[in-house]
Amino acid sequence: MRARSSSSNLQNNLLRAPFFAATLGLAAVTGCAADTPADNDTANANDTEAANDTEALDRAIASINPESLLSCDGSRCTVFDLATGFYIPPHVGGDREFKGHGPHVVGSVTLNWSGPNLYATITVHAKETKSDWTEARGSQSYHVYTAPRNIKNILSDRNTSWDYTDTDHDHDEFHFGYPELAERVVCVGDTKGSEAGTRTGCQAFLRAVELELQ
């Protein structure tokens with residue numbers, strides 16, 4: 001769909017930093033039933049350590065996705081407050097200055113998953129509207145959520161796209177109605193000075209995502 005630009009003087013601190021995912025794992029504890037008090041003590045210690053590891057894992061997931069688990073009903077869960085990072089695509093053509101000629105910006109954000117991990121891929125293509133056709137183009141996937149179990153399906157919308165030509169040096173903000181995946185997108189097109197590959201880019205803030213878990 002074509003987004004309508006509503007440029008505003010947003011400050012940079014309104015742009016959320018990228019989400020970063022920690023690599024987490026739990027050690028499995030196996031063995032036979034103990035026959036001696038010493039063995040029982042060892043087993044109890046192992047159980048306590050495993051429980052502590054589980055609690056630590058839960059806390060780590062909560063810190064990556066603060067308050068993102070909204071509700072679960074059986075195998076269906078809804079998560080909220082998800083966003084990509086602010087993605088700046090690499091410079092691929094012309095010089096690095098749009099010089100007030102646009103740029104024409106085309107972008108999209110798409111959800112996909114692997115196991116329990118949910119990813120949002122943002123694509124941005126910005127091109128100057130006159131010669132020498134300064135251009136920046138690329139895509140980046142962000143790990144935005146870790147579900148309590150493997151994901152089976154995404155039940156809500158999986159994609160939002162936008163298309164506009166920049167006309168000033170302000171941030172450009174777009175709002176999308178239900179059921180679009182993105183609730184809001186913030187972009188930087190032209191700026192004062194050079195920007196292709198260093199400043200021009202977009203960030204997507206997602207509305208509630210409905211998941212079916214295995």
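The table for this structure:
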item: Per-region count, segment 146-171, residues among the β-branched types (Val, Ile, Thr) and within 28 Å of PHE98 (Cα to Cα); result: 3
item: Count - residues of segment 135-193 that are among the aliphatic types (A, V, I, L, M) and within 25 Å of ARG76 (Cβ to Cβ); result: 7
item: Filter result for the condition that a residue is over 15 Å from the mean Cα position of the chain (by Cα) and closer than 30 Å to ARG96 by Cβ, over GLY138, GLY201, GLY115; result: GLY138
item: Count of residues meeting criterion [part of a loop (DSSP other than H, G, I, E, B) and surrounded by fewer than 20 Cβ atoms within 10 Å (Cβ to Cβ)] in segment 112-165; result: 14
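Bear in mind that the values in this text are calculations on the coordinates, not laboratory data. What you see is a predicted model, and the numbers here were worked out from it, not measured in a lab. Quick reminder, even Gly has a Cβ in these numbers, built from the backbone with ideal geometry, and neighbours come from all protein chains shown.
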